1. Have a look at segment B:36-110 and give its Rg and Dmax from the Cα atoms, expressed in angstrom.
2. Roughly what would the spin-label model give for A:Asp304 and B:Glu60, points 7 Å off Cα along C-beta, in nm?
3. What is the ratio of the Cα radius of gyration of segment A:151-305 to 2.2 N^0.38 Å, where N is its residue count, to two decimals?
4. In vacuo Debye scattering of segment A:83-239, one point per C-alpha: log10 I(q)/I(0) at q = 0.12, 0.15, 0.17 Å⁻¹?
5. Averaged over B:39-51, how many beta carbons belonging to a partner chain fall within 10 Å of each residue's beta carbon?
6. Percent of Cα-Cα pairs per 5 Å bin, from 0 to the last occupied bin, for segment A:38-176, please list those.
7. Above 37 angstrom, tally the Cα pairs of chain A and express them as a % of all pairs, no decimals.
8. Subtract the Cα-Cα distance of A:Ala57 and A:Asp193 from 0.36 nm times their separation in residues, and report this length gain in nm to one decimal.
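Each reported figure results from applying straightforward, stated rules to the coordinates on display, with no laboratory input. In this text the structure is predicted, and so the values were computed from the model without any measurement. Glycine also receives a Cβ, built like all others from the backbone with ideal geometry; neighbour counts cover every protein chain displayed.
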Amino acid sequence: MRGDRNARPEPGVFFLVLLLATLAGCATPQTDRLIESAAAFPQPVELTAVPFFPQEAYQCGPAALATVLNGSGLNVAPETLAPQVYLPERQGSLQFELLAAARRHGRVPYVLRPQLEAITTEVASGHPVLVLQNLSLAISPQWHYAVVVGFDLTHAEMMLRSGHERRHITPLRTFEHTWRRGDYWAIVVLPPDELPQTAEELPYLQSVLALEKLKRWQDTAIAYSKALTRWPKSLGAHMGLGNSRYALGDLRAAEAAFRAATRAHPNAAVAFNNLAQVLADQKRWREAEQMARKAVEIGGDNADVFRQTLARIEARTKN
Amino acid sequence: MDTFRRMTKPVSYAVAAGMLALSLHLPVANAAMVGTEAVVHAAQAQQQRSRIHEALNREEVKAKLASLGVDPAQVQARVDALTDDETQRLAKQMDEMPAGGDIVGALVLIFVILLITDLMGLTEVFSFTKKGSARR
């Protein structure tokens, strides 16, 4: 500010603005709420087994990602990750690059609800949480990635793997401030056979879908079947499981998944359509025709695809 | 010109044969599978649609709309006609409403704007399009 020749604000105005800015940033509603509900976690929680990678220069992104990846059972060094997530000219990493890099390692990154309770719930169920903080003020941001590994509600504290500190302890209120300036961004990075404690059905399926785009069908098949353990009726998970197995070339297993989908959702035309296709691929034309006809009868979105499926199968059954 | 045609003919045959071979190589009717993304997308639109209906069916919201001379059934019809993408945008507006503020007022405002801009044919979001139309 001092170096700026054009700006000569009245000192009084300057302090008033500063005061207002500070006051506006003082409330910590989430911390207050969390401490009120402290009875849910009377004991401090700390994931001592989560490894620590001290960051180099500005490379908190690779260090934090390595922390959660290793915490999820992989063996990856920050140096391996740096070329994938670190932008030298920005001296930092972007959030979507961290997500993409986690996916390339066969992990399902899941963005948490913007609530402190979501972080503590995940940590309490053994999942370290990667967070984005802005350690400075919004006008001159100092972005920082760190990993929450513990908390103590009685003393209103968070424990983090952060920068050069293996066990950085910060007051809950301070954390809420810095995290809010990071737009409440927090993720867990888990293997496909493990669900985030706070996962919701559709957002979780979305994050598995991103792995489908990388054609990691083995991983998506595991994630979808895991999702079915928590949401047994989820049409998206049934279909995703069938489609993943189909992509892996396991027609029998795909058939089983689509059949389960038709049982859970007798009005889901997509399930009958894909089942018809899998049966056709096994040259079971009669059964295939029956299922394709069912899909056409139900209709709805993708009706043209259903008619196409039926037409192609009929071309075989009529001969 | 003629020599050129004679020279390129084998090439075009080769290309045509190659394409045919490629298409024969595909599984019987691979294009007929509906992808997971479409299913999840539809489920999401469905969830948001019911959220909007819930909001619209709140007694306070209906009462306030009526006090402004707006027939809630009219809004309902309008909401029913939204495409999936429009539904998504409307639900997002609802998400971004000030927490702890005048929720009912904000909801009513969203619905009234939906109707007004629609009558004036102002924005793309509120254009008259039937649900599941060919706009995607």
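1. Expressed in Å, the Cα Rg and Dmax of segment B:36-110 come to 13.1, 44.
2. With each label placed 7 Å out from Cα toward Cβ, I get 4.5 nm.
3. Against the compact-globule rule of thumb, the ratio is 1.44.
4. -0.55, -0.83, -1.02
5. For peptide B:39-51, the averaged partner shielding equals 5.
6. Binned Cα distances yield the sequence 2, 10, 21, 24, 21, 14, 7, 2, 0, 0.
7. Of all Cα-Cα pairs in chain A, 35 percent lie more than 37 Å apart.
8. Value of the extension gain: 45.5 nm.
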